[in-house]
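Enquirer: Quick one: structure below, then a few questions.
The values are calculated or read from the model by the stated rules, or taken from the named source; none is laboratory data. All values reported here derive from a predicted model rather than from experimental measurement. In this analysis, Cβ positions are derived from the backbone assuming ideal geometry, glycine residues included, and neighbour counts consider all displayed protein chains. The accessibility values were calculated without ligands, DNA or RNA, using every heavy atom of the protein model including side chains. Shrake-Rupley method; radii C 1.70, N 1.55, O 1.52, S 1.80 Å.
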Amino acid sequence: MAALQLAHLFLLDEAGYGDSYVLYDVQHFEKTGVIYRDLSQPPYMPAQYGPLVYMLYALPRRVASENPFFGPRVAALAAFFLCVAMVVSIVRVLIPARSAWLWGLLISTSITSLQTWPLQLRGDFPGIFFGLATIRLLLVRSRYTVLLAGICAGLATHFKITYVAALIAGSLWLLLRRRWKDLTVFVAAGASISAGLYLLFWLREPRMLSQMMALAPGIRDLPGGVRVFISAIREPVVLLALPALPLVILRRWPRWGLLLLFVLVSFGVGGLTDIQAGGNINYFYEGLFALTPFSVLGAFRLIAWSRQRAAIALFLTGLILIHFWLLDAEDLYGARSGINPWEIKAQNALFRRTGDALRGQHIFSTIPRIALFDPHPALMEPYLLSYLQRLGKANPQPIVERIRSDEFDLVITGQSGDSWRGIPKIGPDLRNAIVAAYMPYCTVLSKTPGVDIYVLFLPRHRTEDAILIQKLHQIGCIPYQQSTTPTW
């Protein structure tokens, strides 16, 4: 799986939904030096992550490659590997057994829900790395490492403002152990880095706070949040940790207590923030990584019990066969077939042909990756527009009026009405405007995540552009059939 996923580094399409939205703001920052744009101008939608996310992904953008995603993906993958390395380091400190580090490596990279997340342009893994680094530094009793731990805890919040678990858990642990001087140093360093840097960024970027808090208070979706939470606790890393928890709690090992506090706070914050409808499984990755040392200890206990009693060994073998293999085999096979390197090569070729055909055209697309074909996209995140419209924080009329006035040469959407946790990616205002002003002309097969078919629309009230029609036929655009009417 790891080897096959590396092929995604070279994919011209998104590795996961939202990549294009982040990449656009990274490119805007490179060109203008401004992260948080004027929202009265297209593409209107706010930048939601902390400032260090866009700075991080802008660093390797000059890597020589025709693929605009390649450099930022290298940075994202590096952040993921740093998280794994930090987990392995914590395992080695807490479990001195010779093979413990290898178990930590294998278990932390066997979180089944990760799939293509390590390559996505998000703020999660950089923030998680600094959170884990905080815990690792606190495991070393030194005034200097406490200071560094506080700095790391503060930096974590600059990638995603919800990454406060390290700061809270570290403070509680030092408080419970009555290490007053260390507590003062840790809190002062963490608070000054977190609040202080945000103040400096805010002075430079006055739109920062309003855009980062754009989704507050959020749209509640408790059933969806529960489903995501169940998916998280079903992970092998959670189940393997269960045999270790009673041992750690009863013996009250202080360093394990710090890690347990971190896990509990991280899962608590993840669960609370995931109630809003935009949340996903990545909200729990910090807690899942932090559980890895418990999983290693739990695995060692299970091995010891299995050697003592054959019945336990048979039971565990059956449990592994049923849960880890049979339940995940279909997902594993599907993921494997979806990231075949030869398919990626063919998909990249299709993207190049499509980009060449659409070059010079003014495009409106509800598919963020296709929207990037236009140098001045009208909208980069339709899901975010629907979400903010539900909150009463966004007005779609400027975009709707541009669609109704036939401004665009081409409109491109997906075939189906894709949605996430009850929020549609194409809201009713956009849908009605597209149907009124444009007619579906042809369809193209797609492998974009969540999109099976691209539907291409031409203006109803314009003479057909013969050159554009010829280019569409050259990229294999199949004439539109009434039976394929978009379901959105």
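Enquirer: If I filter region 77-91 for residues that are small (G, A, S) and over 27 Å from E235 (Cβ atoms), do I get at least one hit?
Expert: No, that holds for no residue.
Enquirer: Quick one: count up the residues across region 373-422 that are open to solvent by 40 Å² or more (accessible area, probe 1.4 Å), in contact with a strand residue (DSSP E or B) (Cβ under 9 Å, 6 or more places away or on another chain) and not charged (D, E, K, R).
Expert: 3
Enquirer: For G225, all conditions in the list (1) touching a residue at least 40 places away in the same chain (Cβ under 8 Å); (2) under 18 Å from F284 (Cα atoms); (3) within 20 Å of the chain's Cα centre (by Cα); (4) open to solvent by 30 Å² or more (accessible area, probe 1.4 Å) hold save one; what is the number of the exception?
Expert: All conditions pass for G225, except number (4).
Enquirer: Tell me, yes or no, whether region 446-465 has at least one residue that is within 31 Å of the chain's Cα centre (by Cα), assigned to a helix (DSSP H, G or I) and surrounded by 16 or more Cβ atoms within 10 Å (Cβ to Cβ).
Expert: Step one: list which residues in region 446-465 are within 31 Å of the chain's Cα centre (by Cα), which gives 446-457.
After this cut, where a residue has to be assigned to a helix (DSSP H, G or I) as well, the list is none.
No, there is no match, as no residue in region 446-465 is within 31 Å of the chain's Cα centre (by Cα), assigned to a helix (DSSP H, G or I) and surrounded by 16 or more Cβ atoms within 10 Å (Cβ to Cβ).
Enquirer: Taking helices (runs of 4 or more DSSP H) that fall entirely within region 1-97, which contain at least 2 residues that are of a type in the set (K, R)? Working first, answer last.
Expert: Values: elements: 2-5, 19-32, 51-58, 70-94.
Per the criteria, 70-94.
Enquirer: Also: Would you check which residues across region 309-352 are part of a loop (DSSP other than H, G, I, E, B) and either closer than 30 Å to K471 by Cβ or at pLDDT below 65 (or both) and list them? Give the steps one after another, and end with the answer.
Expert: Start the filter on region 309-352 by keeping residues that are part of a loop (DSSP other than H, G, I, E, B), which leaves 309, 339-340.
Scanning region 309-352 gives I339, N340.
Enquirer: Among the listed residues S108, S113, S99, S142, identify the single one that is among the polar types (S, T, N, Q), out of contact with any helix residue (DSSP H, G or I) (no Cβ under 8 Å at 6 or more places or on another chain) and either open to solvent by less than 20 Å² (accessible area, probe 1.4 Å) or within 30 Å of H323 (Cβ to Cβ) (or both).
Expert: S99
Enquirer: Can I ask one more? Mind listing whichever residues of region 396-414 are touching a Leu at 6+ places or on another chain (Cβ under 8 Å) and not in a helix (DSSP H, G or I)?
Expert: Residues satisfying the conditions are P396, D409, L410, V411, I412.
Enquirer: Still on this structure: Taking region 437-472 as the region of interest, how many residues are out of contact with any Ser or Thr (no Cβ under 9 Å at 6 or more places or on another chain) and among the aliphatic types (A, V, I, L, M)?
Expert: 8
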